[in-house]
Structures are given as C-alpha cells and as structure tokens.
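My questions all concern the structure below.
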Amino acid sequence: MYETFSQNYDRFVNWQSRLAYEMPFIEQNLLGLAEGLRQKPRVLDTACGTGQHAIALAERGYAAAGADLVVEMIAQAQRNASRAGVDVPFKAAGFGELRKAYQDSALFPFDGLLCLGNSLPHLLTEADLKDALRDFAACLRPDGLLLIQNRNFDAVMSHRERWMEPQSHREGDSEWIFLRFYDYLPDGLIQFNVITLQRGPGEGWQQEISSTFLRPLFEKFLLQALQDAGFKDMVCYGDMTGVSFNAETSGNLIVTARRAG
C-alpha cells in the first residue's frame, strides 16, 4: 500500500494542522527526560513515513532520527529534511530491525522513541508485536520514553463504523480527495482501504484504491505486551490533549511508557 501512497502522503495529511496539535503533547513528554542531560533528548521516530515529526523535532533542537520500512517513504523524508534545512538520519528499517540499524549511531541508545499514526496494528501476529516491542526497548536507555499513538480499537471493534472522514488537498488547479474505509474480516483482521481521487485542470477524476491489513490492538492486550517487553509506568490517554482514555468514546489510544532499568 505505502509504496504507491508515498507520493501522495504529504497531500493526504494536513501537516501544519497536525503538528500544531500534536507537538505540544509530544514535547511535554520528551522534555520530562531532559533532567540531567546536557542537551535535548535523542529521539527515534519509528514508522516515520515522510519524516515530518522527526523534522519538526530537529527544528526544535532535538537530536532526531527516523526509520520506516518503506524505502519510498524514506526517500521523501530525506527530501523533506533537505527542504527544511535540518540534518535527520533517516533509515529504511522496519519494526524488529531498529536496534540493528542504529546501534552504531552516535544517537544510540535513544532517550525517547515515537510510534505514531496507527502503525503498530500493521503487525499481524502476536509474535511480530512482541518482537517489535522488545526492539523498541532495546533502542532505549533505561527509563527512556516510549510514546505510541493508535486508533482506539476497543471502540472501533465495538461500533464497527466503516467510513472515516474524507481528506482533501489542492495544489493550484489540481485536486485530491482521499476516502478511507474498513472491511471487517471473519478472521478478526481489518482490511484498511484508501481510495485516491485526483484530477488536474480540465481533466476528469482519476481513481486508485490501495489496501493493507490491520490487527486490532486493544488497550489491555497492548499494556500487557508492553509489560512483557520490559516497559513500566504505562499511562493511557484518549488523544494528544492529554485527556484520559475511554474505551467506548476515545478516538485514539495514546500510551506512554518507560523502559524498565
């Protein structure tokens, strides 16, 4: 899905609005790590996509790095960092490969690790999730921070709403519309679909659909998996304003945790 979607990902997301909303919460948690450090924390953004969170952190003085499984996403992230005038080491590495990719870096081990944008549910087996969380812990110093942002699958699976809010983008006389919907499968997985509609000046709409699979991650299961992987002090939020998590009504499940000593 994301190999083809990478060229439109920065059109799909309103980054100015998203970063303005999310960065205060992210920074608030990261700055709690700064005590005793000579500089702002070293942060790895996993499943970083086109790199916008890592770039925003670098612009604020953090030593930020980014990793993503999709080579095309990493190429776009590098272009974005170049345009922003910041030096962010981006690497093509997926969950379970992060320590190997960064263990020789001057930034390793990291003070904080981000996993945003509903990325963890792309792991389709319990074994893959356990490997990923152990890899996260291996990348962090003792008491380092992990911040996860997922959709609230307790509510998703309870209500089984199929369609999400459309997204749109315009560049000059060209337009894009992005439609997202779920197919709930008999085996408990979800097929996540994105329809991209695009038209240029004087043209009709062109359409493309891309799909991938998600494995719903419920609050209690994720917290237990984090504990098993060596994390402690888990706190759940319903969004990035810091409100408490409600399994029935929250749109997101935000979890902060610390790597145990």
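Which whole-number percent is the relative contact order of the chain (Cα, under 8 Å, 6+ apart)?
Rounded, it is 17 percent for the chain.
Also: Would you tally the net charge around Ser250, using a Cβ to Cβ cut-off of less than 13 Å, leaving Ser250 out, and scoring K and R as +1, D and E as -1?
-3
Turning to a different aspect of this structure: Counting other Cβ atoms within 10 Å, keep those with at most 14, restrict to DSSP loop, and tell me which chymotrypsin sites (Phe, Trp or Tyr not before Pro) in the stretch 1-99 are left.
Counting only loop positions with at most 14 other Cβ atoms within 10 Å, none of the chymotrypsin sites (Phe, Trp or Tyr not before Pro) in the stretch 1-99 qualifies.
How large is the Kirkwood hydrodynamic radius of the stretch 26-81, counting all unique pairs of alpha carbons, in Å?
11.6 Å
Next up: So if a site counts as exposed when it's one of the GluC sites (Glu not before Pro), its DSSP state isn't H, G, I, E or B, and it has at most 15 other Cβ atoms within 10 Å, what's the longest stretch of the chain without one?
Segment 36-160 is the longest.
For the stretch 78-144, what ratio Rg/Rh do Cα atoms give with a Kirkwood hydrodynamic radius?
1.00
Local charge sum around Gln76 (other residues, Cβ-Cβ under 10 Å, Lys/Arg +1, Asp/Glu -1)?
Overall, the nearby charge balance is -2.
If you restrict to DSSP beta bridges whose two residues both lie in the chain, what percentage is antiparallel, to the nearest 5?
Taking every DSSP beta bridge with both residues in the chain, the antiparallel ones total about 70 percent.
For the stretch 23-165, take every pair of Cα atoms, bin their distances at 5 Å starting from 0, and report each bin as a whole percent.
Bins of 5 Å from zero give 2, 10, 19, 22, 20, 14, 8, 4, 1, 0 percent of pairs.
For Ile190, what charge total do you get from the other residues with a beta carbon under 15 Å from its beta carbon, if Lys and Arg give +1 and Asp and Glu give -1?
Net charge around Ile190: +1.
Just the number, please: carbon plus sulfur as a percent of the accessible area of the chain, 1.4 Å probe, no ligands or DNA/RNA counted.
46 percent
If you look for lysine pairs in the chain that are eight or more places apart or on different chains, how many of them have Cα atoms under 22 Å apart?
Within the chain, the lysine pair count is 7.
Starting from one equal scatterer on each C-alpha and no solvent at all, send me the Debye-based log10 I(q)/I(0) for the stretch 135-202 at q = 0.15, 0.21, 0.26, 0.28 Å⁻¹, two decimals.
Results for the stretch 135-202 at q = 0.15, 0.21, 0.26, 0.28 Å⁻¹ read -0.75, -0.90, -1.11, -1.21.
Rounded to the nearest 20 debye, what is the charge dipole size of the chain about its Cα centre when +1 sits on each Lys and Arg Cβ and -1 on each Asp and Glu Cβ?
Using Cβ point charges on Lys, Arg, Asp and Glu, the chain gives about 540 debye.
Taking 51 Å as R0, compute the FRET efficiency from the Cβ-Cβ separation of Gln39 and Asp187 and round it to 0.05.
Given R0 = 51 Å and the Cβ-Cβ separation, E is 0.60.
For the stretch 1-156, what does the accessible surface come to per residue with a 1.4 Å probe? Please give it in Å².
Heavy-atom accessible area per residue stands at 42 Å².
The values are calculated or read from the model by the stated rules, or taken from the named source; none is laboratory data. In this text the structure is predicted, and so the values were computed from the model without any measurement. Note that we place each Cβ from the backbone using ideal geometry, even for glycine, and neighbour counts take in every protein chain shown. Note: accessible area is taken over every heavy atom of the protein model, side chains too, but ligands, DNA and RNA are not part of it. Shrake-Rupley method; radii C 1.70, N 1.55, O 1.52, S 1.80 Å.
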